[in-house]
1. Hey, Cys30 hits all of (1) in a helix (DSSP H, G or I); (2) more than 20 Å from Gly113 (Cβ to Cβ) but one; which does it fall short on?
2. I need the full set of residues from the range 49-67 which are in contact with a helix residue (DSSP H, G or I) (Cβ under 7 Å, 6 or more places away or on another chain) and closer than 15 Å to Phe140 by Cα, in order please.
3. Could you list, in sequence order, the residues of the range 314-324 that are in contact (Cβ under 8 Å) with a residue 60 or more places away in the chain and out of contact with any Phe, Trp or Tyr (no Cβ under 7 Å at 6 or more places or on another chain)?
4. Take Gly181 and tell me if it is surrounded by fewer than 20 Cβ atoms within 10 Å (Cβ to Cβ), over 26 Å from the mean Cα position of the chain (by Cα), on the phi > 0 side of the Ramachandran plot and in the same structural domain as Leu36 (by TED's automatic domain parsing).
5. Search the range 221-234 for residues being surrounded by 15 or more Cβ atoms within 10 Å (Cβ to Cβ) and more than 29 Å from the chain's Cα centre (by Cα), and hand back the single one that is nearest to Leu189 (Cα to Cα).
6. Identify all residues within the range 333-350 that are assigned to a helix (DSSP H, G or I) and without any contact (Cβ under 8 Å) to a residue 60 or more places away in the chain; write none if there are none.
7. Can you tell me which residue among Ser427, Ser445 is surrounded by fewer than 22 Cβ atoms within 10 Å (Cβ to Cβ), assigned to a helix (DSSP H, G or I) and not assigned by TED's automatic domain parsing to the domain that holds Ser535?
8. Scan Glu155, Glu193, Glu147 and give me the residue that is within 12 Å of Lys65 (Cα to Cα), at pLDDT 95 or above, assigned to a helix (DSSP H, G or I) and acidic (Asp, Glu).
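The values are calculated or read from the model by the stated rules, or taken from the named source; none is laboratory data. As the structure is a computational prediction, the values presented were derived from the model and not from experiment. As a convention, Cβ positions derive from the backbone with ideal geometry for all residues, glycine included, and neighbour counts pool all protein chains shown.
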Amino acid sequence: MNKMQAVTQLLRYYSLTTTTNAGSGHPTSCLSATDLMAVLFTNQHFHYDITNPSNPDNDRLIFSKGHAAPLFYALWAIADAFPREELMSLRKLDSRCEGHPTMKFPYTEVPTGSLGQGLAVGIGMALNAKYLDKSPYRTFVLMGDSEMAEGSVWEAMQIATHYKLDNLVGIIDANRLGQRGETLHGHDLLVFEAQAQAFGWHPIIIDGHNHEYIDAAYKTASLIKDKPTMIIARTFKGKGVSFLEDKEGKHGVAVSKDDLQTALDELGKVDTQIKVSLPLPTPSASDSKKVVNIVNLPSDTYVIGSQVATREAYGTALGKLAEQNNHILALDAETSNSTFADSVKKTKPEQFFEMYIAEQTMLGVGTGLARRGKIPFMSTFSAFLTRAYDQIRMASYGQANIKIVGSHCGVSIGEDGTSQMGLEDISMIRSVFNSVVLYPSDAISTIKLVSAMANYDGLVYMRTTRAKTTVLYQSNETFEIGGSKVHKLSDKPHTHVIIGAGITLHEALKAQKLLAEKGVNVLVVDLYSIKPIDSQTLQSVTKGVKKVIVVEDHYEAGGIAEAVRSVIGNTGVTIESLAVRKMPQSGKPEELLRYEQIDAEAIQNAI
């Protein structure tokens, strides 16, 4: 038995024994991809410094088919990356070897398991290598044939071709069987080949269990210029074990303890001491600067009382940040002239990446860039982020340092109508693990919060407004994540509190003045940080008042009122929510605010 055969035997051994020990898992999905991964690690195709997973020049391996995690862990174990005995902790509480790869395992590039996402992340890493760090590292993405039905995969393939990513290698483990039977194309690999060619990739069809053919495919991929390579491997689910191989109904089923020995006998003798040595990466000069300076514009740029859209202020701030720090990137889904992300394209074009109308890919690419140390700001209309929610969710599990900006939110966008109105975005991203949600009301707060976003390590979402709004704050005002601003007309005791953010803050301030003329003293809170929320200030200013009015250009479910109730809902104060409750329609912004009863008049009536 040669070394390659010995490595594949050991990988299959670990895939079987660890899942049986765990009592669950996907051993058959591991067995089909074993030869593909064994050749990658054994034949010097994958360059990696095992002692330093954070080495910026390491090659990157993403298991987009994350359910093959036991194989993923076994690969790193035989490369002496971590103790082999730890493999037997698979799927146990507090284990680094979880059911699908997560960031608890130090050699995971990005959490996977929600199929169809790994390729876009790989594109982000490949973009970083080719255009930003100028590093020789390559990115390999293992995919299952089932996930090739995902539209997000084909979105990503277009972008990879557009950017000529010859340092990206996709590997389709076409094992014919999915969770409940045959996959969309089964073993008709010519379909995958035609699709890959149509999308501008270089396809290579191989027998995925023939080591010589696999080796040749990796060598060919390293020679292809100006286009990515897709290795299309014909494999068999459960390869190497007769009662599993190419059998339906075996997906996600661990071999029973009674049957395990039979399976191991079929594998034959296994050398549990064999290991592979990965070649070291070629070093490059990478820039580690990440701290971002606060944007301080001249005091006369935006003066109190002037009219400026927060989306425009976002673009101004992002452009200034990009000029001072080459880690700041702008990605946009073909809306940059509306989101104003094109400010970066104009001044630092090498830090701007057009993602076209492919929001899912944009979020995945941004995650990949963030995992390589960049700070990507990704923008589009807030309504269109809903289709990328799964990518946002998974990015949070990957602890990705990404910034998302949704413009054109709420009914206040006006005549464009319902399909363009982001009315679910606060709820959507508030619910994401460890997320931050910001909603500035004027140009100054927007600029300061963009700086805060850049310096915050984690997933941040900012809502920007289409219409111009009045500048409320001095240029020396400070805005922190987790803060708020209190507006009062006098020091007399206030009987009511109005809480607004973004466009509705301006309606609240109008109502405040009108109510003051009637002898009603109300206090207004600019809740620009919706998550984390300024609970201390809210509890202080609402103590003993008659009523709190929360007004928002968003649906009530999951919105600002619910965030407010989470911190003062048990204090006995009455909280009334003014939110979008009617089916939105086209109209002028002021007409729609009145129609939805979230304007100054509605606030007065509520009080």
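1. The one condition Cys30 does not meet is (2).
2. Across the range 49-67, the qualifying residues are Arg60, Ile62, Phe63, Ser64, Lys65.
3. Those that are in contact (Cβ under 8 Å) with a residue 60 or more places away in the chain and out of contact with any Phe, Trp or Tyr (no Cβ under 7 Å at 6 or more places or on another chain): Thr316, Ala317, Leu321.
4. So Gly181 passes the test.
5. Taking the candidates together, the pick is Arg234.
6. Ser336, Asn337, Asp342, Ser343, Val344, Lys345, Lys346, Thr347, Pro349
7. Going through Ser427, Ser445 in turn, the sole match is Ser427.
8. Glu147
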